[in-house]
Amino acid sequence: MTQLPKPSFNDDPKSFAFPSAHKRWPTILKGAIDDVNQEIKENPDLKKSGEEIRGKIESFLQYLENDGELKPFTKEDIELNADLKYYNSSLEEMNKEKRVTWLTGRWLNTECFLYQILKLYFLQSSEKHWHQYDVFERLKNNTFHQSDTGVLELCKRYNILASQLAEKDIDLNSLGILFKEFIDISLWGNATDLSLLAGNVTLEEIKSAQGEENRKKNEKNIVVNDISDAWGVLSLGNLGKRVDIILDNAGFELFADLILVLFLLDSNIASEVHLHCKEIPWFVSDVMPKDFGLTLKMLSDQKFFPAIYSNKDDAKAITDLHDSISKYHNSGKIVVQSHKFWTLDHKFWSIPKFEDLYKELLKSDLIILKGDLNYRKLTGDLFWDPTTPFKVAIQDLANSKLPLLSLRTCKADVVVGLEKGLFEKLSEEYKAQGNELGSYWTTTGKWAVISFSDGRS
Ligand code: F6P
Ligand code: MG
């Protein structure tokens, strides 16, 4: 392996790690404390056990803010959660380089440690109630509750575009255009700025000059776009393929992903779609298996989306969508699964070392990886030169036989596969808008990359 670039470190003021570790993490931990308080308020029986957990989070927050060292997990901790042994090995490795502290360590690894530590406090409780508790569930559900406008817009958009599928003999070219459109929906579902999702347009409009213009406007924010290559692989030979999605966030993003899933199944591009979730509460909003069921429940709950259900046509649109997803789930065409690997601090380069997961993923015709964290793990969260080809940045995965499609709105430092000069141009423009660090354009969620590797380099 050639010399790798340096990773993002929490004490590098030029890295987005810096504000993440110094500001965002304390806010997240304070949010967790508030949630435990709320749970105690709603269940007075949990007062004692809840206060114990709250105390541990408070001490941890203080320790982190004082830049304490990361400590290895104990034997007892590992008995509660066997995955933690991987974390100890990783810490041992990192300590060889320099003692790892919360505010100076590697961003990717320390951030993963944080969520595992938080989970451990709940597992350590003598009260069973907390063992499976998701400290971010309230936040996830409240945010989804506020997404009713976007949810309705996507329901309508699905109905318009999907009606094209009902037409017999839809040609492969049209299917390809629709595929790109639904990929866009899923991609921008990961954004902070959802205005980048195009409006309710038909296939004809997309094909028209005006549609083309609209697409181009949004496409200029997609700074790497390998979607045609991914479609080339997926549309080769018979349809009825297996697609896997390594999910990111619950709420609106998961809903946008489910719209993509419906399209893939309704069009018979895919005959089965596997959704990969996190086993523990992760990076606040990531999807756990139970969030899939909860999402279906919320979609069919008139009290959860009262505005949508108050209109007869809108109520039908959301109900139809809910029923289709449910039907595919019940018939095994949508499979919800999870694996410990997704909540380790490993780069994805080590997927082949986890034989069961690797074997499972090798069955897939296309593996879609959603979001920023998955991209950081694909590229090692390293400061690659931005013109480095994606296939170089993902190292051995490029010849792992895994066909990978990353859909990511940029919310961190790393970005690869850019045309020469583009990083600098966007940095200048971002700085000219009054931002102190021009290079932070990569952290705003307003730009995106669609990067593909067929796994056969
Ligand atoms: O930007 C802060 C952050 O927590 C990053 O650490 C992380 O990569 C990202 O947000 C999570 O984004 P996503 O949900 O798209 O993976
Ligand atoms: Mg996430």
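The values are calculated or read from the model by the stated rules, or taken from the named source; none is laboratory data. These numbers were taken from a predicted model, which means no experiment stands behind them. Counting neighbours? That spans all protein chains shown, and the Cβs are built from the backbone with ideal geometry, glycine included. Just so you know, the surface numbers come from the protein's heavy atoms only, side chains and all, with ligands and any DNA or RNA stripped out. Shrake-Rupley method; radii C 1.70, N 1.55, O 1.52, S 1.80 Å.
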Inside region 279-297, can you point out the residues that are under 21 Å from L361 (Cα atoms), among the charged types (D, E, K, R) and either open to solvent by 10 Å² or more (accessible area, probe 1.4 Å) or more than 14 Å from the chain's Cα centre (by Cα) (or both)? E279
For region 1-30, which residues satisfy the criterion of being open to solvent by 70 Å² or more (accessible area, probe 1.4 Å) and without any contact (Cβ under 8 Å) to a residue 12 or more places away in the chain? T2, Q3, P13, F18, K23, R24, T27
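What number of residues within region 280-297 are among the small types (G, A, S) and either farther than 25 Å from D345 by Cβ or away from ligand 1 (no atom under 13 Å from the Cβ) (or both)? Break it down stepwise before answering.
Pass one, region 280-297, residues among the small types (G, A, S): 285, 293.
Subset that is either farther than 25 Å from D345 by Cβ or away from ligand 1 (no atom under 13 Å from the Cβ) (or both): 293.
Total satisfying the criteria: 1.
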Six or more apart or on different chains, Cβ atoms under 8 Å: show the pairs whose first residue is in region 316-337 and of a type in the set (G, A, S) and whose second is open to solvent by 40 Å² or more (accessible area, probe 1.4 Å) and not in a helix (DSSP H, G or I). G332/E272
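Do we find a residue being open to solvent by 10 Å² or more (accessible area, probe 1.4 Å), within 14 Å of ligand 2 (Cβ to nearest atom), of a type outside the set (S, T, N, Q) and over 15 Å from K333 (Cβ atoms) anywhere in region 254-273?
Let us first name the residues in region 254-273 that are open to solvent by 10 Å² or more (accessible area, probe 1.4 Å), namely 265-268, 271-272.
Retained after the next criterion (residues that are within 14 Å of ligand 2 (Cβ to nearest atom)): none.
Scanning region 254-273, I find no residue that is open to solvent by 10 Å² or more (accessible area, probe 1.4 Å), within 14 Å of ligand 2 (Cβ to nearest atom), of a type outside the set (S, T, N, Q) and over 15 Å from K333 (Cβ atoms), so the answer is no.
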Of all residues in region 83-122, which are open to solvent by 50 Å² or more (accessible area, probe 1.4 Å) and free of Cβ contacts under 8 Å to residues at least 12 places away in the same chain? S89, E93, K96, E97, K98
Identify, please: which residue in region 298-323 is open to solvent by 80 Å² or more (accessible area, probe 1.4 Å) and part of a loop (DSSP other than H, G, I, E, B) and is, among those, farthest from N142 (Cα to Cα)? S310
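Got a sec? Which of S453, S406, S400 is in contact with a Ser or Thr (Cβ under 6 Å, 6 or more places away or on another chain) and at pLDDT 95 or above? Can you show your working first?
Details: S453 fails: in contact with a Ser or Thr (Cβ under 6 Å, 6 or more places away or on another chain); S400 fails: in contact with a Ser or Thr (Cβ under 6 Å, 6 or more places away or on another chain).
Among S453, S406, S400, only S406 is in contact with a Ser or Thr (Cβ under 6 Å, 6 or more places away or on another chain) and at pLDDT 95 or above.
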Taking first residues from region 404-415 that are open to solvent by 10 Å² or more (accessible area, probe 1.4 Å) and second residues anywhere that are within 11 Å of ligand 2 (Cβ to nearest atom), the pairs with Cβ under 8 Å that are 6 or more apart or on different chains are K411/D372
